[in-house]
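S.K.: To start, I am sharing the structure in question, which I have written as structure tokens.
The values are calculated or read from the model by the stated rules, or taken from the named source; none is laboratory data. Just so we're clear, the structure is a prediction, and the values are computed from it rather than from any experiment. For neighbour counting, all protein chains shown are included, and Cβ atoms are generated from backbone atoms with ideal geometry for every residue, glycine included. Note: areas computed on protein heavy atoms with side chains; ligands, DNA, RNA excluded. Shrake-Rupley method; radii C 1.70, N 1.55, O 1.52, S 1.80 Å.
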Amino acid sequence: MKILIASHIDPETVEVLKRHHDVITAFGAEVEELTQLVPGREVMIFRSGVSIAPQVLENGADLKLLIRAGSGLDNIDVDVVRDLGLRMVRIPRPSAQAVAEFALGMILDVSRNISLADRLLREGRWPKPELAGTLIADKTLGIVGAGNIGSRLGEMAANLGMRVIGCVNPRHEPPVETLHALGIEYVGFQDLLRQSDIVSLHTPLTDLTRGMIGAAELQMMPAGSILVTTARGGVVDEAALLDALESGHIAGAALDVHEQEGEGVLSPLAAHPNTVLTPHIAAMAVESQHQIGTRILEFVEAFERNELDSVVVPIEHVA
Ligand code: MLT
């Protein structure tokens, strides 16, 4: 098969694909480069960090299969994929545990000032009283988007002694019983904001979620609360968050996803001491990336044998 790999994926998987197929790698390429590389390619593999713009897809006359090595679909126009009659598969499940654990790490980090303490220590400082944090036990964690990832985080947090509340997309039937079984109480979005000491975001970026955490929503959160996001840049209004941090209403925030992402981009939030910022790495657990790689190989093999339907979950049905 003629394959274009547009993003960093599990290195072993790249090696296996290269042994058996004609592979071009263009990790993190810009739209123009992808547009030039795509003619003649039958399969394209990508994840976040690249834009699979309509012009890329339209230039891929031989393109038949798109493999999204992960979850989010905010960097590709699904309508164009459908209009062009392309097959697209996602692999959301293997990274769910990785992202849930990472969000938990961020919650602990901000609550106990771990990254801040590390930064100050490296400056030769030892300010113990200033670094006193807060416990998470007996606090309320609000999970916005209690789905595949959010509900795993909720289950872990409940086991650590937190009260956990969660909400889901209002267009869907709330899975009240399923959440309850994991120790998560279902509440509405605004109630969640009002009741949570810590809010963790786990929504995709859609028309419904863009800017859903702005000045008004941050103000609904209790004074001294914490915001964590491993969702998507654009869900949080970062200027409003910076204002809320500067006023002290929000005590701390951790963001793995940002309005602007990539080399050389530094968010204004980096100037605030009570923020933890990471470069979209929540899914970057070796085990998860390896599982995604295994799935990619299965998809490519099935596609080659013309048996893709037997391994593909239609994109509309993937949580
Ligand atoms: C995802 O959507 O799966 C994650 O953001 C990881 C990624 O693709 O980089």
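S.K.: In segment 1-22, what residues are more than 15 Å from the ligand (Cβ to nearest atom) and open to solvent by less than 60 Å² (accessible area, probe 1.4 Å)?
M.R.: Met1, Ile3, Leu4, Val14, Val16, Leu17, His21
S.K.: Right, something else. Give me the pairs: first residue in segment 33-46 and surrounded by fewer than 19 Cβ atoms within 10 Å (Cβ to Cβ), second residue charged (D, E, K, R) and part of a strand (DSSP E or B), beta-carbon distance under 7 Å, and six or more apart or on different chains, which are they?
M.R.: Within 7 Å, the pairs are Gly40/Lys2; Glu42/Lys2.
S.K.: Yes or no: segment 60-79 includes at least one residue that is open to solvent by 50 Å² or more (accessible area, probe 1.4 Å), assigned to a helix (DSSP H, G or I) and either under 23 Å from Gly233 (Cα atoms) or at pLDDT 95 or above (or both).
M.R.: Yes, segment 60-79 contains a residue that is open to solvent by 50 Å² or more (accessible area, probe 1.4 Å), assigned to a helix (DSSP H, G or I) and either under 23 Å from Gly233 (Cα atoms) or at pLDDT 95 or above (or both).
S.K.: Output the residues belonging to segment 109-143 that are among the aliphatic types (A, V, I, L, M), open to solvent by less than 90 Å² (accessible area, probe 1.4 Å) and more than 23 Å from Phe189 (Cα to Cα).
M.R.: Leu116, Ala117, Leu120, Leu131, Ala132, listed by residue number.
S.K.: Moving on. Take the residues of segment 39-72 that are of a type in the set (D, E, K, R) and more than 14 Å from Phe299 (Cα to Cα): which is farthest from the ligand (Cβ to nearest atom)?
M.R.: Asp62
S.K.: Only one of (1) surrounded by 17 or more Cβ atoms within 10 Å (Cβ to Cβ); (2) within 16 Å of the ligand (Cβ to nearest atom); (3) within 19 Å of the chain's Cα centre (by Cα) is not met by Leu104, so which one is it?
M.R.: (2)
S.K.: In this structure, does Ala26 turn out to be of a type outside the set (D, E, K, R), over 17 Å from Val81 (Cα atoms) and open to solvent by less than 20 Å² (accessible area, probe 1.4 Å)?
M.R.: Values: of a type outside the set (D, E, K, R): yes; over 17 Å from Val81 (Cα atoms): yes; open to solvent by less than 20 Å² (accessible area, probe 1.4 Å): yes.
Yes, satisfied.
S.K.: Do we find that Ile52 is of a type in the set (A, V, I, L, M) and either open to solvent by 10 Å² or more (accessible area, probe 1.4 Å) or in contact with a Ser or Thr (Cβ under 8 Å, 6 or more places away or on another chain) (or both) in this structure?
M.R.: no
S.K.: Filter segment 221-260 down to the residues that are within 16 Å of the ligand (Cβ to nearest atom) and surrounded by fewer than 15 Cβ atoms within 10 Å (Cβ to Cβ) and list them by number. Step through it out loud before you land on a result.
M.R.: So the first thing to find is which residues in segment 221-260 are within 16 Å of the ligand (Cβ to nearest atom), and the list is 228-236, 254-260.
Scanning segment 221-260 gives a single hit, Gln260.
S.K.: Go through (1) free of Cβ contacts under 8 Å to residues at least 12 places away in the same chain; (2) under 24 Å from Arg112 (Cβ atoms) for Ser196 and report which single condition fails.
M.R.: Every listed condition holds for Ser196 apart from (1).
S.K.: Confirm whether Asp83 is within 14 Å of the ligand (Cβ to nearest atom) and acidic (Asp, Glu). Break it down stepwise before answering.
M.R.: Values: within 14 Å of the ligand (Cβ to nearest atom): no; acidic (Asp, Glu): yes.
Spelling it out, it is not the case that Asp83 is within 14 Å of the ligand (Cβ to nearest atom) and acidic (Asp, Glu).
S.K.: Could you list, in sequence order, all residues of segment 148-173 that are in contact (Cβ under 8 Å) with a residue 60 or more places away in the chain and crowded, with 23+ Cβ neighbours inside 10 Å? Full working, then the answer.
M.R.: In the first step, residues of segment 148-173 are kept if they are in contact (Cβ under 8 Å) with a residue 60 or more places away in the chain; the result is 148-149.
Within segment 148-173, just Ile149 meets the criteria.
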